[in-house]
Amino acid sequence: MERLQKILSQAGVASRRASEQLMLDGRVRVNGKTVTELGTKADAAGDDIRVDGRRVKSVDHHRY
């Protein structure tokens, strides 16, 4: 379980601060429920995380 804004930033959706704003705007859903509370935790591998209706895929490996 990790903070949702960290999962979104690792997936390349937005930075952590911008991810917090997405959550406050009600644009993030986890398992069908809209998340507006900062500090919410989720499981990147097991939960269905969506931003504006698009599913967020977890990144296993980073390429440098």
How big is the chain by Rg and Dmax over its Cα atoms, in Å? 10.7, 34
Between Asp47 and Gln10, 0.36 nm times their residue separation minus their Cα-Cα distance comes to what? 11.8 nm
List the lysines whose Cα sits under 18 Å from the Cα of Lys6, skipping any in the same chain fewer than 8 residues away. Lys41, Lys57
Write down the accessible area per residue of the chain in Å², having rolled a 1.4 Å probe over the full set of protein chains. 72
Whole-percent carbon and sulfur contribution to the accessible surface of the chain (1.4 Å, no ligands, DNA or RNA) stands at 43
Output wanted: per-residue J couplings in Hz (rounded whole) for region 54-60, from phi through Karplus 6.51 cos²θ - 1.76 cosθ + 1.60, θ = phi - 60°, x for Gly and Pro. 9, 6, 9, 8, 6, 9, 7
What FRET efficiency comes out for the pair Thr36/Ser58, r = Cβ-Cβ distance, R0 = 22 Å, nearest 0.05? 0.50
Do any GluC sites (Glu not before Pro) in the chain lie in a loop, going by DSSP, with at most 13 other beta-carbon atoms within 10 Å of their beta carbon, and if so which? Glu37
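The values are calculated or read from the model by the stated rules, or taken from the named source; none is laboratory data. Owing to the predicted nature of the structure, the values given are computational and were not obtained by experimental measurement. Don't worry about glycine lacking a Cβ; one is built from the backbone with ideal geometry, like all the others, and counts go over all protein chains shown. Just so you know, the surface numbers come from the protein's heavy atoms only, side chains and all, with ligands and any DNA or RNA stripped out. Shrake-Rupley method; radii C 1.70, N 1.55, O 1.52, S 1.80 Å.
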